[in-house]
Amino acid sequence: MDDDRDDGTAQDGLLVRESLERVRRRAGHVVRYFYAHLFQRHPHLRGLFPEVMEEQYDRLFGALVHAVEQLDHPGLPAYLEQLGRDHRKFGIVDADYTAVGGSLVAALARHSPLTWDDPTQAAWVRVYGVMVAAMREGAARSVAEGEPPHWRATVVTHRTHAGHTSVVRAAVHAPYPWLPGQYATVEHPGLPGVWRPYSLAGDAGPEDRERVLEFHVAHVPGGALSTALRDRTEPGTVLRIGAASGTALAPPPGTASVTLIAAGTGWAPVKPVLAELLARRPVPRIRVEAVARGEEHFYDGAVLDGLLRHHPDLTVHGWYEERGEGRARATERLHDHLRARRDWAGEAVYLCGPAGFVRGTVELLAECGLPPGALVLDPQPGPARRRGHVSHAEAFLDPVPVAWIDPAARTRPLDLPLAVDRTGG
Ligand SMILES: Cc1cc2nc3c(=O)[nH]c(=O)nc-3n(C[C@H](O)[C@H](O)[C@H](O)COP(=O)(O)OP(=O)(O)OC[C@H]3O[C@@H](n4cnc5c(N)ncnc54)[C@H](O)[C@@H]3O)c2cc1C
Ligand code: HEM
């Protein structure tokens with residue numbers, strides 16, 4: 001019986017992937033048709049999406065396709081449950097899931113007129129149904145636990161360093177549960193419908209961290225939300241926050257020695273992970289390696305200085321470029337230092353920074369002999385990579401996923417809920 005079910009699931013997976021492959025070259029048309037179909041039949045859904053959709057016209061569609069491509073991944077159900085919990089922020093009801101599924105099937109069928117048949121359609125309906133069931137389950141559990149659909153948080157302090165990185169602290173109106181290493185999606189009142197993920201960076205203990213959230217936002221030139229969070233945010237601004245997500249948590253209790261490596265705003269998740277490690281008894285041996293473009297870009301240096309005063313056993317190195325040096329010098333210095341170390345046995349490493357930096361450092365750590373299971377990775381996505389696609393939308397049907405649509409982008413490498421784009425940086 002189980003074998004039959006497994007065969008059926010595998011067959012469904014094959015059919016939906018084949019049908020995606022057939023529309024790959026017409027992806028731009030499929031996406032536009034999908035949204036036109038959805039908004040024409042269900043106009044009330046238009047208001048859930050950002051007013052200007054050109055840059056991320058295909059976020060939801062791309063996410064659906066991405067999930068379908070990962071059907072066999074053992075982490076998919078947990079990922080979808082988390083996504084359903086997070087989707088409560090959109091205020092969607094059961095009928096909306098049916099609407100989206102209908103428009104997805106309509107768009108695919110319309111663009112594969114010669115090959116679309118009943119078995120393909122039935123496979124899509126079943127696959128979408130399984131995904132929706134997991135999302136609804138996650139949402140129902142969140143309701144049962146008394147969580148709100150989203151949290152409101154009033155900004156209490158806002159400071160921008162070197163015109164580039166804004167540290168935003170906001171008091172939540174209801175307790176907000178999260179774990180060091182997780183992230184949350186954030187919406188600004190000036191940009192309704194534009195949600196982006198940011199690491200939760202507060203370093204207080206479990207009770208206080210549920211009340212005041214901290215985010216470290218690097219400005220992306222021309223970026224919608226990072227610009228609003230830098231230029232249009234001040235004490236009193238009320239942000240909306242989605243449920244905490246992500247599985248790149250601190251190394252497990254009992255870990256004797258930990259190296260925390262952070263580049264740029266990669267420091268954001270490392271900060272609460274460090275605080276959690278320092279609160280353990282016994283305190284593990286901790287080494288912090290912080291990388292920045294220049295000395296002035298260590299935007300949270302005062303916090304590190306304070307920690308060093310209170311924890312004399314803590315080792316902290318800052319790696320940065322001197323004026324006039326090339327952009328890669330800070331990373332090279334860190335890598336030389338790591339290469340010279342001989343004490344990797346039993347070490348756990350937590351690594352977060354731009355995707356290119358993370359990729360290079362993972363390779364170096366492998367050369368040093370660090371086993372992959374000892375590493376928690378937290379790559380930050382860079383600009384979307386376009387690989388000669390005819391349209392923006394086409395990239396989403398490409399096997400390389402676009403990172404910022406994937407809230408699970410930060411994960412333990414051996415426990416990936418979904419594949420991650422580690423491009424850019
Ligand atoms: C799990 C996760 C956690 C994250 N945590 C943080 C964090 O703690 N701090 C933080 O600052 N950011 C973080 N990000 C990135 C953040 O979510 C946004 O993608 C980023 O702030 C850009 O959003 P935007 O609305 O300003 O730009 P958009 O309007 O989305 O993009 C505008 C243009 O900029 C390009 N672009 C997008 N991101 C980058 C980039 N990083 N560098 C260069 N070009 C880019 C896009 O391709 C697009 O062309 C995280 C992302 C993920 C997936
Ligand atoms: C199996 C079903 C679904 C999957 C796998 C899915 C997945 C995703 C993912 C991964 C994102 C990007 C992350 C985020 O912004 O939170 C997203 C965004 C979004 N989803 Fe869903 N979703 C599903 C169903 C729905 C439904 C039924 C609706 C209701 C209309 C919906 C509305 C949205 C909206 C409004 C966004 C933000 C879009 C944007 O920023 O442009 N989703 N979805």
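Does at least one position in the stretch 119-134 carry a residue that is loosely packed, with under 13 Cβ neighbours inside 10 Å, closer than 29 Å to residue 274 by Cα and away from ligand 2 (no atom under 16 Å from the Cβ)? Checked against the condition, which is being loosely packed, with under 13 Cβ neighbours inside 10 Å, closer than 29 Å to residue 274 by Cα and away from ligand 2 (no atom under 16 Å from the Cβ), the stretch 119-134 yields no hits at all. Of all residues in the stretch 179-202, those satisfying the criterion of being among the β-branched types (Val, Ile, Thr) and either near ligand 2 (Cβ under 10 Å from one of its atoms) or out of contact with any Gly (no Cβ under 8 Å at 6 or more places or on another chain) (or both) are 185, 194. Out of curiosity, is residue 255 among the hydroxyl-bearing types (Ser, Thr, Tyr), within 30 Å of residue 336 (Cβ to Cβ), away from ligand 2 (no atom under 16 Å from the Cβ) and surrounded by 15 or more Cβ atoms within 10 Å (Cβ to Cβ)? In short, yes. Answer yes if at least one residue in the stretch 128-146 is within 17 Å of residue 23 (Cβ to Cβ) and touching a helix residue (DSSP H, G or I) at 6+ places or on another chain (Cβ under 7 Å), and no otherwise. Yes, there is a match, as at least one residue in the stretch 128-146 is within 17 Å of residue 23 (Cβ to Cβ) and touching a helix residue (DSSP H, G or I) at 6+ places or on another chain (Cβ under 7 Å). How many of the residues in the stretch 69-87 are more than 8 Å from ligand 2 (Cβ to nearest atom) and out of contact with any Gly (no Cβ under 8 Å at 6 or more places or on another chain)? Qualifying residue count, the stretch 69-87: 9. Within the stretch 23-40, being at pLDDT 90 or above and away from ligand 2 (no atom under 12 Å from the Cβ) holds for 33, 36, 37, 40. From the list 85, 152, the lone residue that is within 16 Å of ligand 1 (Cβ to nearest atom) and among the basic types (Lys, Arg) is 85.
In the stretch 215-246, the residue that is nearest to ligand 2 (Cβ to nearest atom) out of those that are among the β-branched types (Val, Ile, Thr) and crowded, with 20+ Cβ neighbours inside 10 Å is 241. Report yes if some residue within the stretch 111-129 is under 30 Å from residue 151 (Cα atoms) and out of contact with any Gly (no Cβ under 7 Å at 6 or more places or on another chain); otherwise report no. Within the stretch 111-129 (the criterion being under 30 Å from residue 151 (Cα atoms) and out of contact with any Gly (no Cβ under 7 Å at 6 or more places or on another chain)), the answer is yes, since at least one residue qualifies. Based on this model, can you work out whether residue 55 counts as of a type outside the set (A, V, I, L, M), surrounded by 20 or more Cβ atoms within 10 Å (Cβ to Cβ) and either modelled with pLDDT of 90 or more or under 20 Å from the mean Cα position of the chain (by Cα) (or both)? The answer is no for residue 55.
Can you find a residue in the stretch 146-154 that is aliphatic (A, V, I, L, M) and free of Cβ contacts under 8 Å to residues at least 60 places away in the same chain? No, that holds for no residue.
The values are calculated or read from the model by the stated rules, or taken from the named source; none is laboratory data. Values in this document were obtained by computation on a predicted structure and should not be read as measured data. As a convention, Cβ positions derive from the backbone with ideal geometry for all residues, glycine included, and neighbour counts pool all protein chains shown.
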